[in-house]
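Trainee: Structure incoming, see below.
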Amino acid sequence: MTSYPRRTTRRRWMDFDSFLLRLTIPVCSPINPTRRRSPPSTKKEQRNAMDGLGPNAANSCPVTPLEFLERTATVYGDCPSLVYNRTAFTWSQNLRRCLRLASALSSLGISPGDVVSVLAPNVPAMYEMHFGVPMSGAVLNTVNLRLDARTISILLRHSASKLVFVDVLSRPLLDDVLRLFPASAERPRVVTIEDPYEDAPPPQSSALTYEKLLETGDPEFRWVRPRSEWDPMVLNYTSGTTSAPKGVVHCHRGLFFITIDSLIDWSVPRRPTYLWTLPMFHANGWSYPWGIAAAGGVNVCLRRFDAAAIYAAIETHRVTHMCGAPVVLNMLANAPDSARRPLHGPVQVLTAGAPPPAAVLDRTEALGFAVSHGYGLTETAGLVEVESILYGHPAVNEAAVVARPDEFWGETPCAFVSLKEEASAAPPTESEVIAWCRERMPRYMVPKTVVLRAELPKTSTGKIQKYVLREIAKKMGSAARPSRM
């Protein structure tokens, strides 16, 4: 057997500086990699070798949900990202379009901190602006489509908007808005979003359109990252449920964690298929423009929808997730048989904005929808016991109860009710609805008045505007004789 000499190692103690040098000095010369470099022998050489090895800045950068798009374009670049009618994009295409948009905005003179507004439904351009506008350093302001011209004019002036993207069908509304600007006020520049699937008059040849603007942008643009994660990213206005809209600013950090929280709380899996039944202009679609990008999913966009359109989209695209106000649940639950399609599997539905009645939840879940109810502080004081009973009536589609002045009691319950389509042929009378309630609740809770309406007033997000109903009830005045509860 061959024997090998035993190798012994002599331990040599060294000072800490020498230890660091052993770790940091290259073993091979950069000029001749095969030649070993001797460690510095003198103290002066050691000090020179230590230059530049001081403490480094923390390896961190401001968090922002915009980075989700970059990552997904790398990981799922060839996977579908967005579908709208016959238009489809992949994630790599989406990133390049958003970078073009950011580059084009910068070339127009849009600076970090400037407000860029958009007046559009759930179309591809609206989705891209949730990335492209803040990638230019600007602040995105999505405007409620259902507001009147006077209110929009006030919001654009209040936000000091520098540029407005407007959907081609909303261009007449924006023209009315701009006419309301005072002569001394600076008007924002306008870019029209065309839609090949809509029959609308084309903009003037000299007008700047969204696709023309993208053609001028650089798909390799180095987007403007926030200097601080507390920098503003979006400016929203409340929907006006209780009073005039109020401005709300969100920073990059806040939206990053809202997005992460939305995905975790709803247990969103990898690569979901998300149907846009929630307006993106409402609280930025509850953060899901960025959330679906983070999950590498597919965005199915709908400009407008009814029950038939929702069921058709679910069947065609095998939708797994969707959001909407309780009015969407009503739409699904009360759809006629001709509009319904069998579900391929459970469809996750997140609803918020107002407390959904138990009867509507039961009917929706019986169809195969798995409903989750989002929690919001503005909804924690809703007393909806009477509405819940009204929603249980087989003919009732929507219900809201407010106070009506009463000479004897001061106030009495007044119910505003809209009926289902199938009940329009033989609608229940006011006394029949009151009798239904009387059998199911204490007498003092029974509405004294029932008002049947074709539709209840709502915000653009589907929340019933009770303050409008209160004004109607107030104008109705007191009942002719004292109430007997």
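The values are calculated or read from the model by the stated rules, or taken from the named source; none is laboratory data. None of these values were measured; they are calculated from a predicted model. No Cβ is skipped: glycine too gets one built from the backbone with ideal geometry, and neighbour counts run over all protein chains shown.
Trainee: Might you check whether a residue that is in a loop (DSSP other than H, G, I, E, B), in contact with a strand residue (DSSP E or B) (Cβ under 7 Å, 6 or more places away or on another chain) and either closer than 26 Å to residue 351 by Cβ or at pLDDT below 90 (or both) occurs anywhere in region 373-385?
Mentor: We begin by selecting, within region 373-385, every residue in a loop (DSSP other than H, G, I, E, B); these are 374-376, 380-384.
Subsequent filtering for residues that are in contact with a strand residue (DSSP E or B) (Cβ under 7 Å, 6 or more places away or on another chain) retains 374.
Applying the additional criterion that residues be either closer than 26 Å to residue 351 by Cβ or at pLDDT below 90 (or both) yields 374.
Scanning region 373-385 turns up at least one residue that is in a loop (DSSP other than H, G, I, E, B), in contact with a strand residue (DSSP E or B) (Cβ under 7 Å, 6 or more places away or on another chain) and either closer than 26 Å to residue 351 by Cβ or at pLDDT below 90 (or both).
Trainee: Can you tell me which residue within region 402-456, out of those that are under 24 Å from residue 331 (Cβ atoms) and among the charged types (D, E, K, R), is surrounded by the fewest Cβ atoms within 10 Å (Cβ to Cβ)? If you could, list the steps in order and put the result at the bottom.
Mentor: Just the residues of region 402-456 that are under 24 Å from residue 331 (Cβ atoms), to begin with: 402, 415-428, 433, 436, 450-456.
From what's left, among the charged types (D, E, K, R): 420-422, 453, 455.
Details: 420: 17, 421: 10, 422: 12, 453: 14, 455: 8.
Of everything passing the filter in region 402-456, 455 is surrounded by the fewest Cβ atoms within 10 Å (Cβ to Cβ).
Trainee: Another question, if that's okay. Taking the stated definitions as given, is residue 179 at pLDDT 95 or above and loosely packed, with under 13 Cβ neighbours inside 10 Å?
Mentor: Numbers: at pLDDT 95 or above: yes; loosely packed, with under 13 Cβ neighbours inside 10 Å: yes.
Against the criterion (at pLDDT 95 or above and loosely packed, with under 13 Cβ neighbours inside 10 Å), residue 179 qualifies.
Trainee: Among (1) part of a helix (DSSP H, G or I); (2) surrounded by fewer than 17 Cβ atoms within 10 Å (Cβ to Cβ); (3) modelled with pLDDT of 95 or more, where does residue 150 come up short?
Mentor: With (1) part of a helix (DSSP H, G or I); (2) surrounded by fewer than 17 Cβ atoms within 10 Å (Cβ to Cβ); (3) modelled with pLDDT of 95 or more applied to residue 150, the lone miss is (3).
Trainee: Yes or no: region 334-350 includes at least one residue that is within 17 Å of the chain's Cα centre (by Cα) and in contact (Cβ under 8 Å) with a residue 40 or more places away in the chain.
Mentor: Quick first cut of region 334-350, residues within 17 Å of the chain's Cα centre (by Cα) only: 348-350.
So of that shortlist, the ones also in contact (Cβ under 8 Å) with a residue 40 or more places away in the chain come out as 348, 350.
Within region 334-350 (the criterion being within 17 Å of the chain's Cα centre (by Cα) and in contact (Cβ under 8 Å) with a residue 40 or more places away in the chain), the answer is yes, since at least one residue qualifies.
Trainee: Check 268, 319, 360, 300 and return the single one that is in the same structural domain as residue 196 (by TED's automatic domain parsing), crowded, with 20+ Cβ neighbours inside 10 Å and out of contact with any Gly (no Cβ under 9 Å at 6 or more places or on another chain). Break it down stepwise before answering.
Mentor: On the way: 268 fails: out of contact with any Gly (no Cβ under 9 Å at 6 or more places or on another chain); 319 fails: in the same structural domain as residue 196 (by TED's automatic domain parsing); 360 fails: in the same structural domain as residue 196 (by TED's automatic domain parsing).
Going through 268, 319, 360, 300 in turn, the sole match is 300.
Trainee: List pairs: first residue in region 243-268 and within 19 Å of residue 161 (Cα to Cα), second residue modelled with pLDDT of 95 or more and β-branched (Val, Ile, Thr) anywhere in the structure, Cβ distance under 7 angstrom, at least six positions apart or on different chains.
Mentor: Every condition considered, the pairs that remain are 250/234.
Trainee: Sticking with this structure for a sec: Given (1) assigned to a strand (DSSP E or B); (2) more than 20 Å from residue 84 (Cα to Cα), identify the lone condition not met by residue 134.
Mentor: Every listed condition holds for residue 134 apart from (1).
Trainee: Kindly state which strands (runs of 3 or more DSSP E) lie completely within region 1-119 and contain at least 2 residues that are of a type in the set (S, T, N, Q), loosely packed, with under 10 Cβ neighbours inside 10 Å and modelled with pLDDT of 85 or more. Before you say what the answer is, go through the steps one by one.
Mentor: Details: elements: 80-84, 87-90, 115-119.
Output list is empty.
Trainee: Given the condition farther than 21 Å from residue 421 by Cβ and out of contact with any Pro (no Cβ under 7 Å at 6 or more places or on another chain), answer yes or no: does some residue in region 326-339 qualify?
Mentor: From region 326-339, those farther than 21 Å from residue 421 by Cβ are none; that's our starting set.
Looking for residues that are farther than 21 Å from residue 421 by Cβ and out of contact with any Pro (no Cβ under 7 Å at 6 or more places or on another chain), one finds none in region 326-339, hence no.
Trainee: Counting residues that are at pLDDT 95 or above and on the phi < 0 side of the Ramachandran plot, which helices (runs of 4 or more DSSP H) fully inside region 220-334 reach at least 3? Working first, answer last.
Mentor: Working: elements: 252-265, 283-286, 288-295, 307-317, 326-333.
Ranges flagged: 252-265, 288-295, 307-317.
Trainee: What pairs come up if the first residue lies in region 138-151 and is closer than 23 Å to residue 110 by Cβ, the second is surrounded by 17 or more Cβ atoms within 10 Å (Cβ to Cβ) and among the basic types (Lys, Arg), and their beta carbons are under 8 Å apart, counting only those six or more places apart or on different chains?
Mentor: Correct list of pairs: 138/162.
Trainee: Another question, if that's okay. Look at residue 203 and say whether it is assigned by TED's automatic domain parsing to the domain that holds residue 79, assigned to a loop (DSSP other than H, G, I, E, B), touching a Pro at 6+ places or on another chain (Cβ under 6 Å) and in contact (Cβ under 8 Å) with a residue 24 or more places away in the chain.
Mentor: Working: assigned by TED's automatic domain parsing to the domain that holds residue 79: yes; assigned to a loop (DSSP other than H, G, I, E, B): yes; touching a Pro at 6+ places or on another chain (Cβ under 6 Å): no; in contact (Cβ under 8 Å) with a residue 24 or more places away in the chain: yes.
Here the answer is no, as residue 203 does not meet what is asked.
Trainee: Now for a separate question. Is at least one residue of region 405-419 charged (D, E, K, R), over 40 Å from the mean Cα position of the chain (by Cα) and assigned to a strand (DSSP E or B)? Quick ask: steps written out before the conclusion?
Mentor: Residues of region 405-419 that are charged (D, E, K, R), as a first pass: 406-407, 411.
In the following step, the residues that additionally are over 40 Å from the mean Cα position of the chain (by Cα) were identified as 406-407.
This time we only want the ones that are assigned to a strand (DSSP E or B), so: 406.
So far as region 405-419 goes, yes, one or more of its residues are charged (D, E, K, R), over 40 Å from the mean Cα position of the chain (by Cα) and assigned to a strand (DSSP E or B).
Trainee: Can I ask one more? Output the qualifying pairs, or none if there are none: Cβ atoms under 9 angstrom, residues six or more apart or on different chains, first residue in region 433-446 and not assigned by TED's automatic domain parsing to the domain that holds residue 419, second residue loosely packed, with under 13 Cβ neighbours inside 10 Å.
Mentor: none
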